[in-house]
Amino acid sequence: MEYKTILVNRMDGGITLTINRPEQQNSINPDLLKEINHVLDLAVNDPLCKIIVLQGQGGVFCTGMDFNEISGKHDNFTPGQIHENRDSKEVSHSRPYLETIKRFTLIPRIVISVVDGRVMAGGVGLAAASDIVIATPRSQFSLSEALWGLLPSMVTPFLIRRVGFQVAYRMTLTTMPIHAREAYEVHLVDEVTEAPEEVLRRYSLRVSRLDEWTLGNLKQYFRKMWIISNQMEDAAVAETDRLSSEPKVVNNIINFVKYQKFPWSE
Amino acid sequence: MEYKTILVNRMDGGITLTINRPEQQNSINPDLLKEINHVLDLAVNDPLCKIIVLQGQGGVFCTGMDFNEISGKHDNFTPGQIHENRDSKEVSHSRPYLETIKRFTLIPRIVISVVDGRVMAGGVGLAAASDIVIATPRSQFSLSEALWGLLPSMVTPFLIRRVGFQVAYRMTLTTMPIHAREAYEVHLVDEVTEAPEEVLRRYSLRVSRLDEWTLGNLKQYFRKMWIISNQMEDAAVAETDRLSSEPKVVNNIINFVKYQKFPWSE
Amino acid sequence: MEYKTILVNRMDGGITLTINRPEQQNSINPDLLKEINHVLDLAVNDPLCKIIVLQGQGGVFCTGMDFNEISGKHDNFTPGQIHENRDSKEVSHSRPYLETIKRFTLIPRIVISVVDGRVMAGGVGLAAASDIVIATPRSQFSLSEALWGLLPSMVTPFLIRRVGFQVAYRMTLTTMPIHAREAYEVHLVDEVTEAPEEVLRRYSLRVSRLDEWTLGNLKQYFRKMWIISNQMEDAAVAETDRLSSEPKVVNNIINFVKYQKFPWSE
């Protein structure tokens, strides 16, 4: 398969997936989600591929949903038209995004995010839902959604799983970034290092001792021991769909994409 | 409105509420709860008032329920009489207290507690339920309820939301204070600073970019993403009512208020 | 009563229980669980015994289930025979283990684990379910179950209660030990000290002020304020029973006990 949004490399005992949309700041579009899932399929069908490494490049891990694509959908935008489109679910990226990060948490493989640089919005969810997150000291994580009238709805349950309620809430409310060190202290990051390859090698060696059956059991079991439910996930998708089809929110996004105008600078 | 228990000041983009019961150690009585809610009403009806700052004075933030008032209710106290009063719910402060701190977590405004000094019992709940807590280094937090045979029942769900189960449990069981630094590490406090005004200004600037609609969405949404339910809150009120009408507990409180005698020094 | 697996000493206001199976690395067998419960019975029936101290010796707190006993049950082992034994519940140690650590969390007494050295697998559950854990700097905690195809199923709910989801998940997945300092930072340990006796004395003094009725109320109440339910506990027992009767897992254990062969070295 030819990939449009990622680079894929085999490594010993695993596969490395590099998000490759540098001009779009490694933002998420439907192709990226499809291609990530394609790599997950490959991994699941290969008993020798136990580890999936997810990374960015050029100082950017992932910056969340692609605003250009959301804006493009409303190209001949008038408030009235947006209102009419409100029920059209066909354009929603939210369900595929949620299913992708949820899959990280259930697949009988080990998903390791290697973060070097900026992580924003939906990108935080990719990391938060990973089994292990390794980050360089210059990395930083932010949830900017509320500035646009959105919420990190689908990130929230997986972020709370890692950092607890208050830190997830504060990140959402203040929209301020947290740096690698603090991210480590709150367990959003499992290890901070200048040499992610070495740490990755150590984790890989250790987890290579677990077989596929055990990994599957482990992930299924921990799902039962925590508060995330299918209903909570449905609520997450519904909230994203509701907010992202609000005329006010669409307006905020279009103004930014077309005129570089921020909502708070009106 | 003339306030009996608080001082109220307007500031740019918000309102400052200072608990003003210095002779009662800034403890909570029904008037205080009414007046706090009056300020919340003002804020909600003013689109320009986005931030509500809650603070104490003289080195005391708030020391919880006013034992003098509880004691006063049983002025001609004999154990038998207390027993008869047990079902009378009319004097319960517990529901208004719970509804007040719950309201902090749902109101489309930002509630910021600025703590400088002592916080005890129900005062910890005022802080814990706030969106942001800023504290000076000399601040300390303690849950002394168990010493009297009570529990911080209504504080618990909001405290666990911030600090997790074990820290809330340990604070309750040991009744020992934790200091600002530790409170920061466990996320009971969001920032420790010698200059709360500056930190407050920074947060105010940042959150001023969020509109009322987004704040409301955010708070409603996070409520769905965590374990606090209406039933849990009802259980919290019921437990406080049950314990605070126990003759043994009333006796402990009266002995302390009237004779400065501690339960463990009998 | 003569104890086979523990040493019991009275102390002022409490009782000290030392796990005494040095040749079996202080591992857990049915006798140990019975004897721990016997001591809990003694404590509950003695109003003056408020504190139960649980400790190990010789640098080992507790190393989890005794593999020799599991292995011994399948002495004339062939894979087919194991399969036949699968439904036999009579040999399960899982329910008594879960009920023992659950009892720590509900008994109107204060259970304090004093850890000096190694804690593994089910031993981590004994500590995690304790009210207070005091540890020396050389202590370390690990969950090695997944290496054998098992899971720390019954430890998990009580561990998550202390350390949150991610730390419990990472410990299970990586099977790597965490040291006293990190255990303190994640609240698996409440205090790290070179002088556990002094810290123990301080806690004892403080909690001696709480009466039995209050301790019972406190524990019952906190159970309602968190996510552990009877169903979750049943799922924990069922998962342990399921995994520990899998031929593959039994094989791993027998190969280790009889031939010192690790699953990953085949």
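Quick check on the range B:253-266: of everything there that is over 11 Å from B:Ile70 (Cα atoms) and in contact (Cβ under 8 Å) with a residue 40 or more places away in the chain, which residue is surrounded by the most Cβ atoms within 10 Å (Cβ to Cβ)? Let's see the steps before the verdict.
Start the filter on the range B:253-266 by keeping residues that are over 11 Å from B:Ile70 (Cα atoms), which leaves B:255-256, B:258-266.
Within this subset, residues satisfying the condition of being in contact (Cβ under 8 Å) with a residue 40 or more places away in the chain are B:256, B:258, B:262-264.
Values: B:Phe256: 16, B:Lys258: 12, B:Phe262: 13, B:Pro263: 19, B:Trp264: 11.
Within the range B:253-266, the match that is surrounded by the most Cβ atoms within 10 Å (Cβ to Cβ) is B:Pro263.
Can you tell me which residue among A:Arg103, A:Arg109 is closer than 26 Å to A:Leu205 by Cβ, away from chain C (no Cβ under 14 Å) and not polar (S, T, N, Q)?
Working: A:Arg109 fails: away from chain C (no Cβ under 14 Å).
Result of the check over A:Arg103, A:Arg109: A:Arg103.
What number of residues in the range B:209-241 are in a loop (DSSP other than H, G, I, E, B) and small (Gly, Ala, Ser)?
To start, the set of residues in the range B:209-241 that are in a loop (DSSP other than H, G, I, E, B) comprises B:209-211, B:225-229.
Restricting the remaining residues to those that are small (Gly, Ala, Ser) gives B:229.
Count: 1.
How many residues are within 20 Å of C:Phe61 (Cα to Cα), away from chain B (no Cβ under 11 Å) and not aliphatic (A, V, I, L, M) if we restrict to the range C:164-200?
Here the count works out to 11.
Which of the residues spanning the range C:1-35 are under 19 Å from C:Val124 (Cβ atoms) and in contact with a helix residue (DSSP H, G or I) (Cβ under 6 Å, 6 or more places away or on another chain)? If you could, list the steps in order and put the result at the bottom.
Here is the first cut: in the range C:1-35, the residues under 19 Å from C:Val124 (Cβ atoms) are C:5-6, C:17-19, C:21, C:24-29, C:32-33.
Scanning the range C:1-35 gives C:Thr5, C:Ile6, C:Leu17, C:Ile28, C:Asn29, C:Leu33.
If I filter the range C:216-224 for residues that are of a type outside the set (Gly, Ala, Ser), open to solvent by 10 Å² or more (accessible area, probe 1.4 Å) and without any contact (Cβ under 8 Å) to a residue 60 or more places away in the chain, do I get at least one hit?
Taking the range C:216-224 and keeping what is of a type outside the set (Gly, Ala, Ser), we get C:217-224.
Then drop every residue that is not open to solvent by 10 Å² or more (accessible area, probe 1.4 Å), which leaves C:217, C:220, C:223-224.
Adding the requirement that they be without any contact (Cβ under 8 Å) to a residue 60 or more places away in the chain leaves C:217, C:224.
Yes.
Here's the yes/no breakdown for (1) over 30 Å from B:Lys261 (Cβ atoms); (2) modelled with pLDDT of 95 or more:
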{"site": "B:Leu7", "(1), (2)": "yes, yes"}
{"site": "B:Asp12", "(1), (2)": "yes, no"}
{"site": "B:Asp31", "(1), (2)": "no, yes"}
{"site": "B:Val39", "(1), (2)": "yes, yes"}
{"site": "B:Leu42", "(1), (2)": "yes, yes"}
{"site": "B:Cys49", "(1), (2)": "yes, yes"}
{"site": "B:Gln57", "(1), (2)": "no, yes"}
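Is there any pair with a first residue in the range C:16-33 that is among the acidic types (Asp, Glu) and a second that is at pLDDT 95 or above and surrounded by fewer than 18 Cβ atoms within 10 Å (Cβ to Cβ) whose Cβ atoms are under 6 Å apart and which are 6 or more apart or on different chains, and what are they?
Every condition considered, the pairs that remain are C:Asp31/C:Lys4.
Tell me, which residue of the range A:194-208 that is part of a loop (DSSP other than H, G, I, E, B) and not acidic (Asp, Glu) is least open to solvent (accessible area, probe 1.4 Å)? Steps first, please.
So the first thing to find is which residues in the range A:194-208 are part of a loop (DSSP other than H, G, I, E, B), and the list is A:194-195, A:208.
Now restrict to residues that are not acidic (Asp, Glu): A:195, A:208.
Values: A:Ala195: 27, A:Ser208: 60 Å².
So, considering only residues that are part of a loop (DSSP other than H, G, I, E, B) and not acidic (Asp, Glu), the one least open to solvent (accessible area, probe 1.4 Å) is A:Ala195.
For C:Val39, are the conditions met, namely being closer than 28 Å to C:Leu205 by Cβ, touching a Leu at 6+ places or on another chain (Cβ under 7 Å), buried (at least 19 other Cβ atoms within 10 Å of the Cβ) and β-branched (Val, Ile, Thr)?
Details: closer than 28 Å to C:Leu205 by Cβ: yes; touching a Leu at 6+ places or on another chain (Cβ under 7 Å): yes; buried (at least 19 other Cβ atoms within 10 Å of the Cβ): yes; β-branched (Val, Ile, Thr): yes.
Taking the combined requirement at face value, the residue satisfies it.
I'm told A:Tyr203 meets every condition in (1) facing chain C (nearest Cβ under 10 Å); (2) within 16 Å of the chain's Cα centre (by Cα) except one. Can you identify the failing condition by its number?
Tallying (1) facing chain C (nearest Cβ under 10 Å); (2) within 16 Å of the chain's Cα centre (by Cα), A:Tyr203 fails exactly one: (2).
For A:Asp75, are the conditions met, namely being open to solvent by 10 Å² or more (accessible area, probe 1.4 Å) and at pLDDT 95 or above?
Details: open to solvent by 10 Å² or more (accessible area, probe 1.4 Å): yes; at pLDDT 95 or above: no.
So A:Asp75 does not fit the description; no.
A:Leu17 - would you say it is part of a strand (DSSP E or B) and modelled with pLDDT of 95 or more? Talk me through it step by step, then tell me what you get.
On the way: part of a strand (DSSP E or B): yes; modelled with pLDDT of 95 or more: yes.
Yes, satisfied.
Being modelled with pLDDT of 95 or more, β-branched (Val, Ile, Thr) and outside any strand (DSSP E or B) is the filter here; which residues of the range A:84-114 pass it? Full working, then the answer.
Filtering the range A:84-114 for residues modelled with pLDDT of 95 or more gives A:95-114.
Those still in the list that are β-branched (Val, Ile, Thr) too: A:100-101, A:105, A:107, A:110-112, A:114.
Matches in the range A:84-114: A:Thr100, A:Ile101, A:Thr105, A:Ile107.
The values are calculated or read from the model by the stated rules, or taken from the named source; none is laboratory data. Quick caveat, the model's predicted, so the values are computed rather than measured. So basically every Cβ, Gly included, is an ideal-geometry build from the backbone, and we count neighbours across all protein chains shown. When the accessible area is computed, the model is the full protein with side chains, heavy atoms only, and any ligands, DNA or RNA have been set aside. Shrake-Rupley method; radii C 1.70, N 1.55, O 1.52, S 1.80 Å.
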